[in-house]
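These notes concern the structure reproduced below.
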Amino acid sequence: MKSSRATSSDFRLLSRRAALATLALLAAPLRAQPAPPPPPKLPVVASFSILGDLVRIVGGDRIEVATIVGPNGDAHVYQPSPQDGRRLAAAKLVFVNGLGFEGWIDRLVAASRTKARIVAASRAVTPRKDGEGVDPHAWQDVANVKIYIANIRDALVDADPDGASHYKANAAEYLHALGGLDAEIVAAIDAIPHARRRVVSTHDAFGYFAARYGVEFIAPQGVSTDAEASARDLARIVDAVKAHKVAAVFLENIVDPRFAQRIAAETGAKVGGTLYSDALSPPEGPAPSYLRLMRFNVKQLTAALAP
């Protein structure tokens, strides 16, 4: 009997302890579950700095972007390195401008043996023709960059469907910003008298800008910088500057400035400053993004061409 009473007492004590433990568990705050690890970033490559900026804007923190031709680099004459081949081999997407801009890209793709999808950001752009063929500098018209953004968005969505809402939201926000930029440029150029909208630049990178916004550019080089202007080319430009009373001569961040300086010296036209054509500036410079590049160029033009 004594053993039985001890067993019953023990049972009641254990029951009370179990009840108290249950109440304590119910009263305790729920522990936060650890957040799942972020998905690995999508590895992508962009052929040159302006395009790299656009890809980063749309991709945001879901992608890792490697840019082949960096700030102040000249993609026309770039010589790919073994590191570039390794970057392509590791990529899921490779974004290029297209329109013949990267003359070296097909060789690099073949050498890298990449399985990445090659995406031409300029697909569906209406190309501008000139005496040398197709002008590849389509980003100088903001309307074309809207097409670039749509192509970048669609390629990222296809490669990473889980991030579709992220890419679409980023693209929509940037398309709105591009609409504002285009309106700014139109208003700024409209304020310049038509007779003063003539400038000399060091290579023909601004044909799309000229067609969209109404500024005439005269250049001693063609659409590519892979060949130097001849003495005959320079003489032709000097004659044109004098005949058309060009207001200013502009240097470019990727081209030997001696062309513009010589033209200015022989014609009396003032050097209007530096324009960013085919590449961004370094981060500490005045044009580290596409939006800032376009605003900087317009500021330079309006300052030099204002009456």
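Summarising the amide proton neighbourhood of ILE218: residues at separation of 5 or more, or on other chains, whose placed amide H is nearer than 5 Å comprise VAL199, VAL200, SER201.
Annotation: amide H of VAL271 within the under-5 Å range of VAL249, sequence separation 5 or more or interchain, hydrogens built in the peptide plane. Stretching the chain fully between ALA35 and GLU284 yields a gain of 86.0 nm (0.36 nm per residue, less the alpha carbon separation). Backbone amide hydrogens, once placed in the peptide plane, bring ALA205 within less than 5 Å of nothing, excluding anything fewer than 5 places away on its chain. Going 7 Å from the Cα of ALA188 toward and past its Cβ, which residues in region 276-295 have a backbone nitrogen under 12 Å from where you end up? Output list for this probe position: 276, 287, 291-295. Dipole magnitude for region 27-133: about 540 debye, using +1 per Lys or Arg Cβ and -1 per Asp or Glu Cβ, origin at the Cα centre. Neighbours of ARG292 by Cβ distance under 13 Å: Lys/Arg scored +1, Asp/Glu scored -1, total -1. The ALA150 and GLU266 beta-carbon pair, evaluated with R₀ = 35 Å, returns a calculated FRET efficiency of approximately 0.20. Which of the trypsin sites (Lys or Arg not before Pro) found in region 47-129 are loop residues per DSSP with 11 or fewer other Cβ atoms within 10 Å of their Cβ? Filter output for region 47-129: ARG113, LYS115. Gain on full extension, evaluated as 0.36 nm per residue between ASP162 and LYS129 minus their Cα-Cα distance, stands at 7.9 nm. The relative contact order of region 19-178 comes to 21 percent, based on Cα pairs under 8 Å that sit 6 or more residues apart. The listed peptides 186-194, 275-283, ordered by packing as a protection proxy, come out as 275-283, 186-194 (highest mean of other Cβ atoms within 10 Å first).
Values in this text are rule-based calculations from the coordinates and carry no lab data. Bear in mind that the values here come from a model prediction, so they are computed numbers and not experimental data. Don't worry about glycine lacking a Cβ; one is built from the backbone with ideal geometry, like all the others, and counts go over all protein chains shown.
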